[in-house]
Structures are given as C-alpha cells and as structure tokens.
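Heads up: the structure comes next, in structure tokens.
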C-alpha cells in the first residue's frame with residue numbers, strides 16, 4: 001500500500017483520528033514528528049489488504065497520510081474504491097470510508113515507487129505443516145522494480161525464522177541494491193487480536209527487527225507515526241522468533257488445559273472448577289479448555305518453530321497435536337451422547353474460531369463438523385457473524401428444528417441467554433453440550449434438557 005505520510009498533522013486531522021480512537025492520548029509534541037532524515041513526508045506501499053494490512057492502512061491514513069493499498073484481489077480493490085471493506089472489524093469501516101472520501105486512501109493492483117514498503121500477506125500452513133511462503137516471495141518480487149536507494153522494506157507477516165535473510169533479501173537484491181547499505185530491511189510483526197485491532201495497533205508494544213541497527217531504527221521510526229506503545233529494536237531473526245514464540249506459549253498453555261479436561265472427564269472431576277481453584281495460586285494461570293484452537297496465529301505459528309527445529313521442538317509439536325485432536329475428542333463425546341439415536345442431527349452454534357467476530361480461519365468447529373458429517377451425523381449450523389455460507393441456517397430456530405443435540409461451539413455474546421424453552425419443542429430430543437462452560441446447565445435443565453459439559457463430571 002502506498003502512503004504519503006505527512007509528518008505534521010493538521011489540527012483537524014489530529015482531532016478526527018483521536019476522537020475515533022477515543023482511548024488514545026496524544027504524546028508530547030503530537031503523534032507525527034520528523035524522525036527520518038529530516039524529511040517532511042514519505043511514501044509507504046503496503047502490500048496485502050487483509051485482516052492486518054487494511055487496518056494498518058487505516059491507521060496511516062487517519063494519521064494524515066495519503067494511502068495506496070496494494071492487493072491482487074480485484075474485489076478488495078473495487079470495494080476500497082467505494083470506501084467499503086470486505087472484512088468485519090469494529091470501527092474499521094468508518095475509518096476506511098472517511099479516508100477514501102477525503103482522498104487519503106486508494107487501492108491498486110500493483111505497487112508503486114515509495115520510500116518504504118510493508119508486506120502484510122498471508123503465510124498459511126500446508127497440509128504437511130510447513131509454512132507456505134509463496135505470497136511473501138511474490139510480494140518481494142513485485143517490489144523489486146520499484147525499489148530505490150534509501151527505501152525501507154518491512155515484513156509484517158508472521159514467518160519462520162530466517163525468512164527475511166534467506167528468502168526476501170536475495171529477491172530484493174536483484175534490484176542491484178545492497179540490503180543494509182543501499183536500502184533497509186527487517187521484520188516487525190503485529191500483536192493484535194480481531195475485534196480490537198485498531199486499539200491494539202496503536203497501544204500495544206511492537207518489535208522492530210532489522211538486518212542491521214540502522215534498518216531496525218528506520219523501521220521503528222516508521223511505526224512511531226501512529227504507535228504509542230513501546231517499540232523495541234532487535235535483529236530480524238529474534239523478531240521472527242518472538243512472534244512465533246508468543247503464540248506458541250499460548251498454544252502450549254491451552255494444550256495443557258485441554259489435556260487436563262480429558263483427564264478430568266476420566267477421573268470424574270470438573271476441570272473448570274479445578275482450573276479456577278488452581279488459578280487462585282499467585283503464580284499459576286492456566287488457560288481455558290475448548291473444542292480446539294483456531295485462527296491464523298495460535299493454530300499456525302507453532303508449526304513455524306517445529307519446521308525449523310523438528311528434532312528439538314518436542315513439547316511444541318506435542319501440544320500442537322493435542323489441540324488439533326480436540327475436535328475429534330468432542331466428536332467422540334457427541335457419538336456417546338447420541339448412541340442408539342437413528343439418523344442423528346446436531347445443531348451447532350458458532351462457526352468462527354473465537355467469539356464475537358466473523359473470522360473462520362482454522363476454526364476447530366469447522367473441523368468438528370467435517371468429522372461429524374464423515375461419521376454420518378447430520379449438522380445444522382447457526383452463527384450470527386457468518387453470512388452467505390453453504391449449509392448455514394438463517395435463524396437459531398431453523399438450526400434447532402428436528403435436531404437431537406444442541407452443541408455450543410463458540411461463546412458469542414448472543415448465545416448467553418439461549419431460549420431453551422422455545423427451542424426444546426422444536427427438537428426431537430432435548431440434549432445440550434457446552435464446550436465452553438458458557439451457559440449455566442440449570443438454564444437448559446429447567447427446560448427439560450439433558451446437559452453435558454466438556455471437561456465436566
């Protein structure tokens with residue numbers, strides 16, 4: 001994405017930006033200062049307008065920048081031209097619409113000359129649990145014709161250690177320029193969560209890793225245009241490892257909770273009560289169990305470490321497999337609940353990988369549904385955040401009608417007060433399975449439901 005960044009904001013633009021992100025405070029001297037070579041403005045090209053690239057573009061544009069976003073998907077570019085977006089993120093639509101209408105944001109299918117390039121493209125996992133770096137390589141290749149002396153290239157996409165040094169650097173040096181001397185290069189991963197991306201882009205700390213100290217400094221200076229959290233400089237390999245390690249830490253903790261849940265089921269112990277009591281210890285913080293781990297971070301990033309150190313990353317590998325096994329475990333529990341039921345039908349509530357968002361990337365519930373269907377169990381699904389998907393019911397009542405079991409897969413706020421008294425008469429059998437310990441069993445039992453809980457007694 002190309003951004004003309006004005007280092008000195010007008011008072012009006014400052015007010016617009018901070019009124020929208022109302023939890024932010026203006027640091028002394030304002031948010032824009034002359035950091036880089038005393039220049040008054042610079043151009044930044046952001047490649048990739050997905051869950052990270054587009055909000056990042058919105059941040060720069062709201063800080064007074066003139067932004068050009070690059071993406072190969074024509075639907076994204078066309079929507080951007082109308083001031084619209086194809087993803088859901090709180091506050092993002094208004095920011096984009098305003099930036100486009102004010103002429104500070106536009107889209108393009110190809111990069112342009114710029115002072116800095118930011119790559120924010122997907123880094124998916126292949127079927128054999130290896131990082132697919134195709135998009136990163138293609139983005140680097142697209143930059144080469146436009147790379148000039150003094151430019152800075154930043155990889156935001158989460159990647160295995162060594163991606164910048166071994167993949168990007170050789171491609172970019174086809175320009176005839178030397179990395180670290182003629183242009184600056186490094187990695188600065190985001191640390192945001194869907195649903196709070198705009199706030200966290202500004203407030204969270206950030207790592208700026210460079211192939212040399214000057215590269216790291218320049219990367220940090222670029223993000224200081226809107227980042228109010230601390231920015232820590234380091235080398236690229238450390239920055240790449242940190243992002244993967246942060247999400248791996250959470251994956252390992254969740255795996256422990258999930259394994260504990262299965263153990264508690266076998267021992268007749270309520271894992272939720274046990275975890276609550278364990279966490280009363282001042283140095284214990286066990287995460288919550290569930291039907292699996294999804295999203296493009298926690299479910300993916302640990303494999304980046306395993307890929308680089310397969311003979312050493314034993315715990316990480318085991319924990320990743322533990323979390324990946326949870327949909328199958330839930331499916332086995334469902335089969336036990338529905339044993340003897342002819343042509344069973346399950347009503348699944350929630351399809352996303354986390355609550356209160358429409359993001360289904362690596363959703364464990366989708367894996368669970370695939371398992372159930374393969375075992376001959378019919379599925380009717382409902383999710384208020386998911387639209388225009390095949391086999392998705394439009395209403396809760398439609399999903400529950402004729403079913404034998406309601407499965408709570410995602411704890412959306414809209415599911416807090418399920419109308420069991422209304423749903424029960426629509427079903428063939430009244431059974432409720434909560435994989436999130438989200439709804440008091442008494443609410444369902446009062447309507448005649450048999451209740452089951454993942455990790456329960």
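The values are calculated or read from the model by the stated rules, or taken from the named source; none is laboratory data. Fair warning: this is a prediction, and the values are worked out from it, not measured in the lab. Note that we place each Cβ from the backbone using ideal geometry, even for glycine, and neighbour counts take in every protein chain shown.
Would you confirm, using the coordinates I've provided, whether residue 315 is over 23 Å from the mean Cα position of the chain (by Cα), more than 23 Å from residue 409 (Cβ to Cβ), assigned to a helix (DSSP H, G or I) and not assigned by TED's automatic domain parsing to the domain that holds residue 50?
Answer is yes for this residue.
Tell me the residue from 335, 320, 361 that is farther than 23 Å from residue 397 by Cβ, assigned to a helix (DSSP H, G or I) and touching a residue at least 60 places away in the same chain (Cβ under 8 Å), please.
320
From the list 47, 36, 87, which one is in contact with a strand residue (DSSP E or B) (Cβ under 8 Å, 6 or more places away or on another chain), crowded, with 16+ Cβ neighbours inside 10 Å and either more than 17 Å from residue 226 (Cβ to Cβ) or at pLDDT 95 or above (or both)?
Only one candidate passes the filter, namely 47.
Would you be able to say whether some residue in the stretch 272-286 is within 23 Å of the chain's Cα centre (by Cα) and touching a residue at least 40 places away in the same chain (Cβ under 8 Å)?
Looking for residues that are within 23 Å of the chain's Cα centre (by Cα) and touching a residue at least 40 places away in the same chain (Cβ under 8 Å), one finds none in the stretch 272-286, hence no.
Being in contact with a strand residue (DSSP E or B) (Cβ under 6 Å, 6 or more places away or on another chain) and not assigned by TED's automatic domain parsing to the domain that holds residue 155 narrows it down to one of 278, 242, so name that one.
Step by step, each of 278, 242 is checked, and only 242 is in contact with a strand residue (DSSP E or B) (Cβ under 6 Å, 6 or more places away or on another chain) and not assigned by TED's automatic domain parsing to the domain that holds residue 155.
Of all residues in the stretch 179-215, which are touching a residue at least 24 places away in the same chain (Cβ under 8 Å), more than 17 Å from residue 44 (Cβ to Cβ), touching a strand residue (DSSP E or B) at 6+ places or on another chain (Cβ under 9 Å) and part of a helix (DSSP H, G or I)?
214
I'm trying to understand the selection: among the residues of the stretch 417-450, which are under 32 Å from the mean Cα position of the chain (by Cα) and closer than 20 Å to residue 331 by Cβ?
432, 433, 434, 435, 436, 437, 438
Given the structure, is residue 61 in contact with a helix residue (DSSP H, G or I) (Cβ under 6 Å, 6 or more places away or on another chain) and modelled with pLDDT under 95?
So residue 61 passes the test.
Among the residues of the stretch 295-303, are any part of a helix (DSSP H, G or I), outside the structural domain of residue 130 (by TED's automatic domain parsing) and touching a strand residue (DSSP E or B) at 6+ places or on another chain (Cβ under 6 Å)?
yes
Can you give me the number of residues within the stretch 179-222 that are over 30 Å from residue 362 (Cα atoms), touching a helix residue (DSSP H, G or I) at 6+ places or on another chain (Cβ under 7 Å) and surrounded by fewer than 18 Cβ atoms within 10 Å (Cβ to Cβ)?
The total comes to 1.
Name every residue in the stretch 394-439 that is at pLDDT below 95 and either surrounded by 23 or more Cβ atoms within 10 Å (Cβ to Cβ) or closer than 17 Å to residue 455 by Cα (or both), in order of residue number.
none
Kindly evaluate residue 448 against the criterion of being surrounded by 15 or more Cβ atoms within 10 Å (Cβ to Cβ) and over 28 Å from residue 258 (Cα atoms).
No, not satisfied.
In the stretch 66-81, what count of residues is obtained for those that are in contact with a helix residue (DSSP H, G or I) (Cβ under 8 Å, 6 or more places away or on another chain) and surrounded by fewer than 20 Cβ atoms within 10 Å (Cβ to Cβ)?
1
Provide a single number: the residues in the stretch 419-442 that are touching a strand residue (DSSP E or B) at 6+ places or on another chain (Cβ under 9 Å) and either closer than 22 Å to residue 327 by Cβ or not in a loop (DSSP other than H, G, I, E, B) (or both).
Summing the residues that are touching a strand residue (DSSP E or B) at 6+ places or on another chain (Cβ under 9 Å) and either closer than 22 Å to residue 327 by Cβ or not in a loop (DSSP other than H, G, I, E, B) (or both) in the stretch 419-442 gives 13.
Scanning the stretch 223-239 for residues that are touching a helix residue (DSSP H, G or I) at 6+ places or on another chain (Cβ under 6 Å) and touching a residue at least 40 places away in the same chain (Cβ under 8 Å), which turns out nearest to residue 55 (Cα to Cα)?
If we take residues in the stretch 223-239 being touching a helix residue (DSSP H, G or I) at 6+ places or on another chain (Cβ under 6 Å) and touching a residue at least 40 places away in the same chain (Cβ under 8 Å), then 226 is nearest to residue 55 (Cα to Cα).
Mind checking whether some residue in the stretch 282-290 is assigned by TED's automatic domain parsing to the domain that holds residue 434 and touching a strand residue (DSSP E or B) at 6+ places or on another chain (Cβ under 8 Å)?
No.
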